[in-house]
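Working notes for the structure below.
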Amino acid sequence: MSSPKRMLRGIIHCHSEHSYDSVTPVSAYLRFARKQRLDFIILTDHETTAGSRELHEMAGRRMPELQVPIAAEYKTDQGDIIAAFLQEEISERSYVRFLAMARAQQALLLLPHPYVAHTDPERLASDCDLIEVFNSRARRDANERAGSLAAEKRKPAYAGSDAHLYRSLRRAVIEVADQDGLRRSLITSPIIWTASETPRWEIAVSQLTKSWKNRDLEPAIKTFHSGFRFVHKRLMNGI
């Protein structure tokens, strides 16, 4: 009788100070990894692998047992795609050319929040290796549709916190049986998770951070309007 496979514990889809809407230090990820006894972190900053590269190097010095593949969340002309296990940055934003560059590097492609800011999620799901079926920041109906999409396409499903704050990292932690390497494990073994929804105020903080870092008032104005409508609705319904 073969012995049970060791479970790898980690997080996928999260952001650091290298993203335009987060101020979470890269070093905080090592603190979280120790606290949660993580085996891996797939840090996916917007448009850049700089955060994952910094974390990879930092983990190599301070926590060598932690696996940190090079990764990023890229905004293509068809919507956001996460590319992991990269060798170099992907510069193309045309989806067709982006896909070609990613596959040339044998990157693992993940489709985050399929029904948020994507033009054709069904097409992208066919091309991607894994599908995010629970995003802590997404609406429940969007997550439910994502789950149906993963089942229809017969693609591995995972949960992502999409964390922009340190406290949000705990919103989605996954586990997968070790199949001789993290990359292989993610696409061949069922992924299990513990996950919860991100409170509105945490999302609001990331939007205000986006306004501040980009010197753009629009996200802040939208956040205040959304907050006002939420409070008004609760008051009208007697809270």
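Key figures
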| item | result |
| --- | --- |
| Residue count for segment 49-67, restricted to those that are assigned to a loop (DSSP other than H, G, I, E, B), in contact (Cβ under 8 Å) with a residue 24 or more places away in the chain and over 16 Å from Leu110 (Cα atoms) | 3 |
| Residue list for segment 26-48, filter: acidic (Asp, Glu) and either more than 16 Å from the chain's Cα centre (by Cα) or assigned to a helix (DSSP H, G or I) (or both) | Asp39 |
| Matching residues, segment 138-167, being outside any strand (DSSP E or B), touching a residue at least 60 places away in the same chain (Cβ under 8 Å) and crowded, with 24+ Cβ neighbours inside 10 Å | Ser161, Asp162, His164 |
| Residue in segment 168-196 that is surrounded by the fewest Cβ atoms within 10 Å (Cβ to Cβ), counting only those that are small (Gly, Ala, Ser) and assigned to a helix (DSSP H, G or I) | Ser185 |
| Segment 119-133, subset touching a Leu at 6+ places or on another chain (Cβ under 6 Å) and of a type outside the set (D, E, K, R), residue surrounded by the fewest Cβ atoms within 10 Å (Cβ to Cβ) | Ala125 |
| Members of segment 81-104 that are part of a loop (DSSP other than H, G, I, E, B) and over 21 Å from Glu132 (Cβ atoms) | Gln87, Glu88, Glu89, Ser91, Glu92, Ser94 |
| Asp21 being of a type in the set (D, E, K, R), modelled with pLDDT under 95 and in the same structural domain as Trp193 (by TED's automatic domain parsing) | yes |
| Subset of segment 77-107 [farther than 19 Å from His13 by Cβ and among the small types (Gly, Ala, Ser)] | Ser91, Ser94, Ala100, Ala104 |
| Those residues of segment 23-54 which are closer than 17 Å to Asp80 by Cα and either among the aromatic types (Phe, Trp, Tyr) or surrounded by 22 or more Cβ atoms within 10 Å (Cβ to Cβ) (or both), in sequence order | Ile42, Leu43, Thr44, Asp45, Thr49 |
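The values are calculated or read from the model by the stated rules, or taken from the named source; none is laboratory data. Owing to the predicted nature of the structure, the values given are computational and were not obtained by experimental measurement. Note: ideal-geometry Cβ built from the backbone for every residue, glycine included; neighbour counts use all protein chains shown.
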